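Nothing in this text is a laboratory measurement; each read-out follows from the coordinates by a stated rule. Here the structure is a predicted model, which means the values were calculated and not measured. No Cβ is skipped: glycine too gets one built from the backbone with ideal geometry, and neighbour counts run over all protein chains shown.
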Amino acid sequence: MPSNQISTWMISWSIIALFLLGGMIPLVAAASRLKPGRFTYLSLFLALAGSITITFCALKILIEGGHLETTLLITELRIYNLPTLALTIYIDRLAAFFLLLIGSLSSGISIYSFVYLRGKADQAQIAGAYNFFVISGVLFVVSSNAFFSLFYSNVQRLRLGPLFFTNTMRTPMILNISRQ
């Protein structure tokens, strides 16, 4: 592998690792009945670090031009003659623009979430779901395989539910209908 491809591969896996660790740490802490406060802040810090890394990588591609392409994972399925699947990322200027949007918006959301999640009962679940949501959005934008694009778009939709409907089922809405 050329050195440019190795550095792209390492940066890609480090971004994935930051978000996956940020997603798993608060969920494991919540399942272990540990106090979620510190783990939530660690998760949000990892999300912030990953978002800033995404933003800088996108700015580098937008300013310098060109494209980045590397293969992160190759699966060889020998069952029923299924084809080989390769998680290949391809980042051109259009993908870099969307990465810039995702990275800058998720950086701001991560900073805001430090204060917003303080005192919430399900802060660990929200922080974990947020990390998985962002990384699935990033991988949806950069994957150059139709199978993985569809897979990550569905993962992103599944992760949006816990973020959007966190407290809607806990407090029932009471309608006051007065009879006249």
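Computed quantities for the displayed model
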read-out	value
Estimated distance in nm for a label pair at Ala121 and Leu158, the labels positioned 7 Å out from Cα along Cα-to-Cβ	2.6
Amide H within-cut-off set for Thr70, under 5 Å, with H built and near neighbours excluded	Ile89
FRET efficiency for Tyr112 and Glu69, using Cβ-Cβ distance with R0 set to 41 Å, rounded to 0.05	0.75
Tensor-based shape of segment 38-100 (alpha-carbon gyration tensor, a/c under 1.5 rounded, otherwise prolate or oblate)	oblate
Lys, Arg +1 and Asp, Glu -1 on Cβ, resulting dipole of segment 3-164 about Cα centre, debye, nearest 20	600
Ascending count of other beta-carbon atoms within 10 Å, so fewest first, for Ser12, Ser144	Ser144, Ser12
Gyration tensor (alpha-carbon) shape descriptor, segment 9-168, a/c threshold 1.5	oblate
